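The next block holds one structure in the form of structure tokens; read it before the comments.
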Amino acid sequence: MIKQTHPVPAIFDVSDTVEKINFQNFRNQGEPREKQSIEIITVPNTGGQKNQKNVAITLNTKLIHDILSTVYDKVCISEITTSRCLEELGKRKPDLVFSGVKFFEFDNAQIWLNDFLELNEICYIGSNHAALDREHNKGLAKSIVQKAGIVTADYVVIKSNSLSTHNARKMAYPVFVKPVIGGDSIGIDDLSIVFNQEQLGAKIKEIFDILNCDVLVESYLMGREFSVGVLENEKSGALTAMPIEIIAPKNKNGHRVLDFNIKRLDREHVRKVTNQILHDKLSDTGKAAFVALGGRSFGRIDIKLCAKGIPHFIEANLMPGLSKGYFYRSCALNLGMTYDEMILLLCSNRLNSC
């Protein structure tokens, strides 16, 4: 067992809530590998904003560095500020890049980190550029999983350059309205559940005006909400699904809406799925969606039940947060992992398959 050297984020008492499940195939059992080098890649945040469009995962780089250094001798943090820095990374050829950066913009050109790493034959954690593009657009993701035979709510996409909501008005109310791109439930609030044409037009216009993006309108699912963490054993291709239930507090209308502020303030309740039949259904849906979208190594699939209790795909996150978020909680509640084990697993899993 890897010794835990850093505190688990204060979400719950892991020892009281998890069932110990053997995850031997995922755990790094070896001694420190002196010949393997890991670089933690970051970019400067000159705007002082928490959410940067070119960063999918905001990392506590010092914590990640300290955890990896307990097993690997060569671990460093590198900030990429120019195209020259990126070129130097290609020349160094570390055995693995650990990063939440999506792309760089140098000289008005966009360079995706994962594309660059593949071109230079450097391993990295997570999915490739193509898979990230598939999950980034929620409408595209729903189309792909639907074609793969996975159940998802009926939907239409309203283009931001068109004020027409003709197709959306054909749908039976209530409907749920949200931005077609973006994470952290940005753009979602109590008014996202829409009951008539006037409310629909107002919510669509709000998203157009504030977020300047297309809008997804889908049939409202009244059932419980879940997120399924997925781990891939990259040697065998075997997938481990880790469902958790997410319970948002009821709003003044009696609805549970997992909106931006509830997530930001950690007001939702997260618990393990103990019903084995439901656990299996959620796991099957999560793994199938992960495969359909081309996910690799790890990710998270959001699912909601309809009134009949049937799991419906909502959206995917193939670069989920690696702090105290739902992916870590799914690992802890289902597999009994410590935070350190999760971080080490993501590295060893990829290194062992390169």
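What follows is calculated from the coordinates using simple rules that are stated; it is not laboratory data. A quick note: this is a predicted structure, and the numbers were derived from the prediction, not measured. Cβ: placed from backbone, ideal geometry, glycine included. Neighbour counts: every protein chain shown.
Below is a table of values for the structure above.
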{"read-out": "Crossing angle, helix 326-335 versus the chain [Cα axis fit, 0-90 degrees, rounded to tens]", "value": "70 degrees"}
{"read-out": "Rg to Rh quotient for the chain, alpha carbon positions, Kirkwood Rh", "value": "0.97"}
{"read-out": "Nearby aspartates and glutamates by direct alpha-carbon distance to Lys170 (threshold 13 angstrom, same-chain neighbours under 8 apart not counted)", "value": "Asp154, Glu218"}
{"read-out": "Hydrodynamic radius of region 63-221 per Kirkwood, over alpha carbon pairs, in Å", "value": "18.7 Å"}
{"read-out": "Estimated dipole of the chain in Debye, rounded to 20 [Cβ of Lys and Arg +1, of Asp and Glu -1, Cα centre]", "value": "680 debye"}
{"read-out": "Calculated from backbone phi, Karplus (6.51, -1.76, 1.60) coupling profile of region 191-201 in Hz, x at Gly/Pro", "value": "7, 6, 8, 10, 10, 7, 5, 4, 5, 4, x"}
{"read-out": "Mean projected area in nm² (Cα convex hull; one quarter of hull surface) for region 67-145", "value": "6.8 nm²"}
{"read-out": "Student exercise, region 56-127 dipole from Lys, Arg, Asp, Glu Cβ charges, in Debye to nearest 20", "value": "160 debye"}
{"read-out": "Charge dipole (region 152-248, unit charges on Cβ, about Cα centre) - positive-most of Ala248, Ile210, Ser160", "value": "Ser160"}
{"read-out": "Taking N as its residue count, the alpha carbon Rg of region 225-268 over 2.2 N^0.38 Å", "value": "1.64"}
{"read-out": "All Cα pairs of region 194-351, percent lying beyond 24 Å", "value": "40 percent"}
{"read-out": "Per-peptide average of other Cβ atoms within 10 Å, ordering 338-349, 173-184, 266-277, 209-220 highest first", "value": "338-349, 173-184, 209-220, 266-277"}
{"read-out": "Long-range Cα-Cα pairs in region 204-286 (distance over 20 Å), rounded percent", "value": "54 percent"}
{"read-out": "Computed lengthening from Met222 to Asn54, 0.36 nm per intervening residue step minus Cα-Cα distance", "value": "57.1 nm"}
